[in-house]
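The values are calculated or read from the model by the stated rules, or taken from the named source; none is laboratory data. The structure presented is a predicted model; accordingly, all values stated were derived computationally and were not measured. Note that we place each Cβ from the backbone using ideal geometry, even for glycine, and neighbour counts take in every protein chain shown. Surface accessibility is based on the protein's heavy atoms, side chains included, excluding ligands, DNA and RNA. Shrake-Rupley method; radii C 1.70, N 1.55, O 1.52, S 1.80 Å.
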Amino acid sequence: MSKRRKALVAATAGLASVSLGLSFTSVAGAAPEAAKADPNGLKLVRTKTSLLGKHFWYQQTFKGLPVVGGYYAKHVAKDGAVQVADGRDAVPANLDVSTTVAPASATQTANAAVTAQAERADRARNAGPEKRFAKQPAATSGAAQLAVIGGPNARVVWNVTSRSTEGVTRSLVDAKSGSVVESKVISDNIDGRGSVFDPNPVVSEQNEKLTDQNDKNQDALFLAQKNVILRNLDGSGKLNGSFVNIKEAKGGLAQSKTNTFVYQRANDKFEQVMSYYHINQTQEYIQQLGFKDVNNESQDISVDTYSGDNSFYDPSTDMITYGEGGVDDAEDAEVIWHEYGHAIQDDVVPGFGESEQAGAIGEGFGDYWAVTMSVPVSKGFNLPCVMDWDATSYTTDEPHCLRRTDTGKTTDDIDGEVHDDGEIWSNALWDIHQALGRAKANKVILEATFFYDPDTSFAAAAQDTVQAARLLYGKAAAAQVTKAFQDRKILK
Ligand SMILES: [Ca+2]
Ligand SMILES: [Ca+2]
Ligand SMILES: [Ca+2]
Ligand SMILES: [Ca+2]
Ligand SMILES: [Zn+2]
């Protein structure tokens with residue numbers, strides 16, 4: 001957080017008067033109720049309690065509009081002593097807050113400025129031969145909010161928050177002239193640079209003939225790498241961030257003072273970057289859907305530390321381990337997402353997977369999650385095929401798939417092995433995906449998971465899913481979800 005001047009004024013009887021052309025009065029020893037009163041353009045935005053007292057944070061407003069960066073805080077000690085921190089900006093009483101620029105046009109102007117800024121930064125970073133991989137950054141944003149800037153150049157502005165490859169940017173666009181007054185990155189976390197497969201080389205190159213060749217660098221695989229931004233890093237120089245913590249790795253943890261993690265696939269650190277990037281992507285997606293409490297933590301990951309051709313989620317340590325048998329498992333984002341699916345379910349339903357069918361739901365959900373995550377980056381290529389690249393080591397049929405989400409299996413095919421039976425469940429989820437569309441389907445499926453019992457059955461979990469569809473999207477959606485489960489003979 002950037003902060004300008006901060007005037008700390010001790011006040012014991014009443015609050016100090018403010019010499020900003022504003023009048024501000026308050027009740028001596030203000031009780032919290034009185035503090036809420038808002039007669040002078042202060043709006044209470046947060047109340048915090050610490051060991052020594054209470055802290056009332058106000059947003060400065062002018063004619064009902066927030067004054068950018070204008071704050072006022074009152075710290076009330078347990079004995080009633082009050083300290084004030086005054087960060088208000090003077091706003092001329094006669095400032096006209098009418099606008100001539102429409103919010104949509106301000107948003108467009110802001111995004112153009114942010115995009116230009118991101119492109120300049122991108123060009124500066126891509127001076128070398130990797131330039132051909134550079135992606136055009138494009139800003140996206142939410143609705144513009146009207147606000148006031150105080151101080152010597154007081155004016156009314158549209159406040160536009162945009163997201164680009166640079167992070168989150170706040171732009172202030174003059175609401176009368178349309179010019180950009182300020183455009184600055186406000187996100188705290190550090191962005192790094194990395195290079196990954198997305199989701200895997202078979203899909204991105206649409207080439208079923210690629211082979212592992214014992215983890216050798218190959219031109220075809222180098223061309224399958226793409227440069228990406230690694231968001232939400234903590235700045236430690238390691239692949240540790242808000243949603244992912246690469247905790248253990250064969251050959252040591254990747255480290256970079258400049259947060260640049262570019263390796264080819266023969267370097268084991270490549271799998272660390274894959275794990276970080278794809279898990280961060282999936283948690284950001286979950287949050288975009290509106291879920292703030294689905295494994296919303298820095299998930300521990302162990303990379304290339306298991307020599308078998310397998311990966312697993314260990315609920316006793318809340319750790320995902322990616323193995324290195326055959327194709328290194330974390331070279332295929334669909335393996336990464338499948339295991340993260342287990343972490344999601346264990347986070348939402350403690351002890352999930354107690355019964356055979358719950359176990360099958362876990363496997364089916366993991367496969368489905370891998371497929372739904374791959375949809376935006378697969379250009380429609382063999383979508384229901386799970387782990388197309390990893391599977392090249394142990395399948396001869398093309399396309400190479402460990403499993404599929406469109407086998408047509410029903411409960412008649414139950415054989416008691418959780419991965420096999422998971423294909424019944426994943427097929428139902430995939431059909432829901434196609435019926436409702438990706439975002440709605442995933443909201444329904446994640447919401448339903450909160451209601452699963454640890455030892456649930458196909459039928460009970462299906463009912464939870466139908467119920468979530470009904471409550472979120474109404475009867476018609478519930479009917480489509482019901483049909484998906486009926487087709488698998490899970491519901492009657
Ligand atoms: Ca590798
Ligand atoms: Ca977890
Ligand atoms: Ca493997
Ligand atoms: Ca796939
Ligand atoms: Zn699994």
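On the given criteria, is D328 within 16 Å of ligand 1 (Cβ to nearest atom) and either touching a residue at least 60 places away in the same chain (Cβ under 8 Å) or open to solvent by 10 Å² or more (accessible area, probe 1.4 Å) (or both)?
yes
Which pairs do you get when a residue that is part of a strand (DSSP E or B), found in region 240-260, comes within reach of a residue that is of a type in the set (D, E) and modelled with pLDDT of 95 or more, reach meaning Cβ atoms under 9 angstrom, with the pair 6+ apart or on two chains?
V244/D300; N245/D300; I246/D300; K247/D300; E248/D300; A249/D268; A249/E271; A249/D304
Need the failing condition index for E354 against (1) modelled with pLDDT under 95; (2) out of contact with any Pro (no Cβ under 8 Å at 6 or more places or on another chain), just the number.
So E354 meets the others, but not (2).
Report the residue count in region 355-374 for those that are in contact with an Asp or Glu (Cβ under 6 Å, 6 or more places away or on another chain) and of a type outside the set (S, T, N, Q).
Going through region 355-374 one residue at a time, the tally reaches 3.
Scan region 293-352 for residues that are β-branched (V, I, T), within 16 Å of ligand 4 (Cβ to nearest atom) and in contact with a strand residue (DSSP E or B) (Cβ under 6 Å, 6 or more places away or on another chain) and jot them down.
V335
Taking only region 141-177 into account, find how many residues are at pLDDT 95 or above and touching a helix residue (DSSP H, G or I) at 6+ places or on another chain (Cβ under 6 Å).
2
If only one of V335, V349 is of a type in the set (A, V, I, L, M, F, W, C) and away from ligand 5 (no atom under 15 Å from the Cβ), which one is it?
Exactly one of V335, V349 is of a type in the set (A, V, I, L, M, F, W, C) and away from ligand 5 (no atom under 15 Å from the Cβ), namely V349.
What tally of residues in region 330-354 results from selecting those that are more than 12 Å from ligand 3 (Cβ to nearest atom), on the phi < 0 side of the Ramachandran plot and not in a helix (DSSP H, G or I)?
So the answer is 4.
Do the conditions hold for N296, that is, is it more than 16 Å from ligand 2 (Cβ to nearest atom) and in the same structural domain as N442 (by TED's automatic domain parsing)?
no
Taking interchain pairs and intrachain pairs at least six residues apart, which have beta carbon atoms under 6 angstrom, with the first residue in region 363-384 and within 16 Å of ligand 3 (Cβ to nearest atom) and the second open to solvent by 20 Å² or more (accessible area, probe 1.4 Å)?
Short answer, once both residue conditions are applied: G366/H342; D367/R403.
Any idea which of Q272, Q283, Q255 is in contact with a Phe, Trp or Tyr (Cβ under 6 Å, 6 or more places away or on another chain) and either hydroxyl-bearing (S, T, Y) or modelled with pLDDT of 95 or more (or both)?
Only one candidate qualifies: Q283.
Restricting to region 436-446, and then to whatever is more than 14 Å from F352 (Cβ to Cβ) and not β-branched (V, I, T), can you tell me which residue is surrounded by the fewest Cβ atoms within 10 Å (Cβ to Cβ)?
Only one residue tops the list, namely G437.
To keep it simple, each residue is scored yes or no on (1) closer than 17 Å to N159 by Cβ; (2) modelled with pLDDT of 90 or more; (3) open to solvent by less than 50 Å² (accessible area, probe 1.4 Å).
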| site | (1), (2), (3) |
| --- | --- |
| G53 | no, yes, yes |
| Q60 | yes, yes, yes |
| G64 | yes, yes, no |
| V76 | no, yes, yes |
| R88 | no, yes, yes |
| A104 | yes, yes, no |
| V114 | yes, no, yes |
| D122 | no, no, yes |
| G128 | no, no, yes |
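Take region 447-466 and flag every residue that is in contact with a helix residue (DSSP H, G or I) (Cβ under 7 Å, 6 or more places away or on another chain) and either hydrophobic (A, V, I, L, M, F, W, C) or open to solvent by less than 20 Å² (accessible area, probe 1.4 Å) (or both).
Once the filter is applied, which keeps residues that are in contact with a helix residue (DSSP H, G or I) (Cβ under 7 Å, 6 or more places away or on another chain) and either hydrophobic (A, V, I, L, M, F, W, C) or open to solvent by less than 20 Å² (accessible area, probe 1.4 Å) (or both), region 447-466 yields A448, T449, F450, F451, Y452, T456, F458, A461, A462, T465, V466.
Any residue at all in region 394-417 that's open to solvent by 50 Å² or more (accessible area, probe 1.4 Å), in a loop (DSSP other than H, G, I, E, B), more than 26 Å from T456 (Cα to Cα) and not hydroxyl-bearing (S, T, Y)?
Yes, that holds for at least one residue.
Is there a residue in region 467-485 that is open to solvent by less than 10 Å² (accessible area, probe 1.4 Å), modelled with pLDDT of 95 or more, among the polar types (S, T, N, Q) and in the same structural domain as D367 (by TED's automatic domain parsing)?
no
Would you mind telling me which numbered condition in (1) more than 16 Å from ligand 3 (Cβ to nearest atom); (2) over 20 Å from the mean Cα position of the chain (by Cα); (3) of a type in the set (A, V, I, L, M) V327 fails?
(1)
Which one is modelled with the lowest pLDDT, of the residues in region 258-269 that are more than 16 Å from ligand 3 (Cβ to nearest atom) and open to solvent by 10 Å² or more (accessible area, probe 1.4 Å)?
It comes out as T258.
Tell me yes or no: at least one residue of region 371-387 is open to solvent by less than 10 Å² (accessible area, probe 1.4 Å), within 14 Å of ligand 2 (Cβ to nearest atom) and not acidic (D, E).
Taking every residue of region 371-387 in turn, none turns out to be open to solvent by less than 10 Å² (accessible area, probe 1.4 Å), within 14 Å of ligand 2 (Cβ to nearest atom) and not acidic (D, E).
Mind listing just one residue for me: the one in region 375-393 that is part of a helix (DSSP H, G or I) and within 11 Å of ligand 4 (Cβ to nearest atom) and, of those, nearest to K226 (Cα to Cα)?
Here the residue is V377.
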